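What follows is a short report on a single structure.
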Amino acid sequence: MPLYGTLDITQDSKRLPTLPNLDTEAWPLPRAEMMQLLIEVPRSSTDGLLPKAMHPALPSYVILAVTKYSDSPVGPFNLAVLRLGSRAGAHPRGFLLGAVASTDAAALELRARWGIPVEAGEVKFVRRHDRVMGTVKKDGRTILDCALVDPQPVSGSDVQYINWVTAANAPLDGTTQPILIQVDPKYTFHKAERGKAQVATFDPAAWNAPTLELANAIVGTCCTVDTDLPRIRFVMDPLKPVFQGTRRIRESRADE
Amino acid sequence: MKFGLFYEISIPRPWTAEKERTVYNNCLEQVKLADALGFEHVWAVEHHFLEEYSHCSAPELFLTACAMITKNIKVGHGIVVCVPEFNHPIKIAEKTATLDILSGGRLHVGTGRSATWTELGGFGANPDTTKKSWDEFVRCLPKMWTQETFAYQGEFWSMPERTILPKPYQKPHPPMWVAVTSPGTEIDAADRGLGSLGLSFAGFDEQEKKIKEYRRRIRHCEPVGAFVNEQVATTNFLFCHEDEKTGVEMGKKLGNTFNYLATQLISTREVFSSPSYQSLGLLPALRRAATGPDASEQQTEGMAYGDPARIIRAIRKWESLGVDCVNFILNANEVVPQDQVMASLRLFAKEVMPHFAKKPHTAAAAAE
């Protein structure tokens, strides 16, 4: 059978975000500008980063995304995330390793509503004529400096975004416990570009992935999308294979 | 209706020193039996880096071994990756001609372009251009096989005039096919006069549409080769057992395991946004089917597992849709013990094949 992750999130549950409940209301996020860079990483550098319930992607890769949300229930904010390409059972997923939001309010809400391991910091999303740049600073130190270089128009139908999985403490069956949460935004594309992924600075420890090494860039995209952060529909036991440990806690959305 | 075997050569972890050899030997033993039983084809894929799912990176060597231990069964490259970073077209022409000679004219050549980032990225190939390079390759190969000398100036490769040797044993050249997974590739096959080597497990309705369109288009094709190879093959799982319930259970286990392994592959589209890979190929259907190795339910429409009567019904349906050949996957990760694979083949040949045979099958071999 495929390989499994080795991370036991129950062993260090205090560092995980905690949700007061699983009744998170959805956030509509119109006209978001989303830069996403996909980069292969050595398999050995991902040891211990992926929960036991999930399968690693082969080859291992990460997704660095910097997004400008111009409208949200907590006002405009930028968000940078690092996700590890993986499989939840048969399905491609990006396991969230770390994130930085540009406002305290966004960081607080994203942690408490979807279990995103996010802290507040400085996140810039800057568009130039020949590139889109993302920079992230925490405590005055640059922890990410990346760009999509020479973007060229493509069709939104050429771009595939995979769903996310977060690890968090949340009440389930009367007990607050570490679980995995599926976050599955919808996307309506207004504009899509593809280009070369470039990373000048990346501090893996600042993204909760101290062993991670970036290797071969695959590709980068920047898209303008209407998206959302939806209600939570599926949660997973962090220690059982996903195909055995998944629970549906809410019916699918009306538009699905 | 013709029947074939289709090998991914799936090998479970841990990969001990003997395990890969054992699985390869199991496959050869199956091929030898299939030849005696009257199966028409043995196909072997070309895949690279696909852990557990397929350890068949040098299919021409496996197929040469198959040819050496068999008499009649046709050996099919299913498929040769027609992307220059994977295979130089001169080498494809030379190796396939050699295999055709060694097999006594039993070679079929499937062509394709790879669907996974795992493979394309591994060879440093650009996903945007694989369809174009495939098109160049399939137009060159017949000329390389048949012309005394050949020269070429193309977008993806070029060569000055040389004599490419040896020439295939079959005249004018071996039949050519193309792997059909993405929607629309059946049209590419038809327009070029190539056989449609279906590698998906789509249901009847979708396959029927594809086959109709293929048959319609191929009547007006401009063949890339010296002749039109109008054939439609599809892929299926085979587990034939006297008891229907036992057969279905083992067949589902085989199918679930194969599908689950397949869904672990990184489709090109998952990581590399490209108009050349708009479709996920067979993966969405597999994901719907593969809820996990212990899944109790799986799509079983048209699957060739169960008892002979059930399998005959399934194949009759495929036949009615216009399928010419069904190629069977016999195992995945060795979940079916070898003795049961062999028994399944024998029972299929004895109880199912006669219902689809134009001429008497080799009953003696089936009875062994």
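Every number in this text was worked out from the coordinates using simple rules, so none of it is lab data. If you're wondering where the values come from, they're calculated on a predicted model, not measured in any experiment. All Cβ positions, glycine included, derive from the backbone under ideal geometry; neighbour counts span all protein chains shown.
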| field | Whole-number percent relative contact order across chain A, with pairs defined as alpha carbons under 8 Å at least 6 apart | value | 25 percent
| request: Out of all DSSP beta bridges with both ends in the protein assembly as shown, state the antiparallel percent to the nearest 5. | output: 70 percent
| said: Placing unit charges on C-beta atoms (Lys and Arg positive, Asp and Glu negative, everything else neutral), compute the dipole magnitude of the range B:51-198 about its Cα centre in debye, rounded to 20. | reply: 600 debye
| Toward the positive end of the charge dipole of the protein assembly as shown, about the Cα centre and with charges on Cβ (Lys, Arg +1; Asp, Glu -1), which of A:His55, A:Pro92, A:His129 goes farthest? | A:His129
| task | First measure r as the distance between the Cβ atoms of A:Asp47 and B:Asp191, then evaluate 1/(1 + (r/R0)^6) with R0 = 51 Å and state the FRET efficiency to the nearest 0.05. | result | 0.55
| request: Determine one quarter of the surface area of the Cα convex hull of the range B:20-161, which equals its mean projected area, and express it in nm² to one decimal. | output: 8.8 nm²
| query | Rg(Cα) of chain B divided by 2.2 N^0.38 Å? | reply | 0.94
| message | Take B:Lys212 and A:Asn208, extend 7 Å from each Cα along the Cα→Cβ direction, and tell me the distance between the two endpoints in nm. | response | 5.2 nm
| message | Placing unit charges on C-beta atoms (Lys and Arg positive, Asp and Glu negative, everything else neutral), compute the dipole magnitude of the range B:32-132 about its Cα centre in debye, rounded to 20. | response | 320 debye
| remark: Placing +1 on each Lys and Arg Cβ and -1 on each Asp and Glu Cβ in the protein assembly as shown, then taking the dipole about the Cα centre, the residue among B:Val248, B:Phe348, A:Pro204 whose Cα reaches farthest towards the positive end is B:Phe348
| query | Where does chain A land on Rg/Rh, using Cα atoms and the Kirkwood Rh? | reply | 0.94
| request: May I ask for log10 I(q)/I(0) of the protein assembly as shown at q = 0.08 Å⁻¹, from a Debye sum over the Cα atoms as equal point scatterers with solvent left out? | output: -0.62
| Whole-number percent relative contact order across the range B:2-367, with pairs defined as alpha carbons under 8 Å at least 6 apart | 19 percent
| remark: Within the range A:192-218, the residues whose backbone N lies under 12 Å from a label point placed 7 Å from the Cα of A:Val126 along the Cα-to-Cβ direction are none
| In the range A:1-78, which GluC sites (Glu not before Pro) fall in coil by DSSP and have 10 or fewer other Cβ atoms within 10 Å? | A:Glu25
| remark: Within 10 Å of the Cβ of an average residue in B:48-61, the count of other chain Cβ atoms is 1
| query | Based on DSSP H runs of at least 4 residues, each adding -39500 (n - 2.57), what is the mean residue ellipticity at 222 nm of the protein assembly as shown after dividing by all its residues, to the nearest 500 deg cm²/dmol? | reply | -8000 deg cm²/dmol
| query | Mind checking the dipole of chain B: about its Cα centre, +1 per Lys or Arg Cβ, -1 per Asp or Glu Cβ, Debye to the nearest 20? | reply | 880 debye
| task | Find how many whole Å separate the alpha carbon centroid of the range B:44-118 from the alpha carbon centroid of the range B:182-241. | result | 19 Å
| query | Relative contact order of the range B:1-137: what whole-number percent is it, with Cα pairs under 8 angstrom and at least 6 residues apart? | reply | 23 percent
| Which entries in A:Lys124/A:Lys191; B:Lys143/B:Lys209; B:Lys253/B:Lys317 show an alpha-carbon gap greater than 29 Å? | B:Lys143/B:Lys209
| Residue-averaged beta-carbon neighbours from other chains (10 angstrom radius) around B:258-271 | 5
| message | Take chain A, mark every one of the trypsin sites (Lys or Arg not before Pro) that falls in a DSSP loop and has at most 13 other Cβ within 10 Å, then report the longest stretch left between them, sites excluded. | response | A:1-127
| In peptide A:35-44, what is the residue-averaged number of other protein chain Cβ atoms found within 10 Å of each Cβ? | 1
